[in-house]
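**Student:** Shown below is the structure under consideration.
The values are calculated or read from the model by the stated rules, or taken from the named source; none is laboratory data. Predicted model only: the values in this text are computed from it and were never measured. For neighbour counting, all protein chains shown are included, and Cβ atoms are generated from backbone atoms with ideal geometry for every residue, glycine included.
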Amino acid sequence: MIGLYKFYFRIRCPFDSLGILPPAGSEIRCIARPNAVPVWTPPTLCDHANQIGLQNCEMCTAALYLMFESGRIPLEFIPSCPVRTLPDPIRPSLELLSAPFRPDQRP
């Protein structure tokens, strides 16, 4: 059985070194099938793009995508609850963008 899921989450901006920007809302969608790797859509951009610049926002979005795709953000896929809000803000790991290989790939 294929499940369509939507996760809402708050982003803690990695470009805000002083911690002034409040976590901004975003969402990501996924298709999950039994015994298969989930297929993710790119997450939506947060509302900080005007403050930090679109290029930085795109790097943040790419890092978030890799974090979800590689399983670094633990999730439960509950068929009776396909739309969920994650409780804690996520700070994107920008170092994933410079990794020699993607975390979900084996060397």
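**Student:** The conditions are (1) in contact with a Ser or Thr (Cβ under 7 Å, 6 or more places away or on another chain); (2) within 21 Å of LEU97 (Cβ to Cβ); (3) of a type in the set (D, E, K, R), and ARG29 fails exactly one of them. Which is it?
**Tutor:** Just one mismatch for ARG29, condition (2).
**Student:** Quick check on PRO74: is it under 16 Å from TYR5 (Cβ atoms), modelled with pLDDT under 85 and not charged (D, E, K, R)?
**Tutor:** no
**Student:** What number goes with the only condition from (1) without any contact (Cβ under 8 Å) to a residue 60 or more places away in the chain; (2) under 18 Å from ARG10 (Cα atoms); (3) surrounded by fewer than 13 Cβ atoms within 10 Å (Cβ to Cβ) that CYS81 does not pass?
**Tutor:** The one condition CYS81 does not meet is (2).
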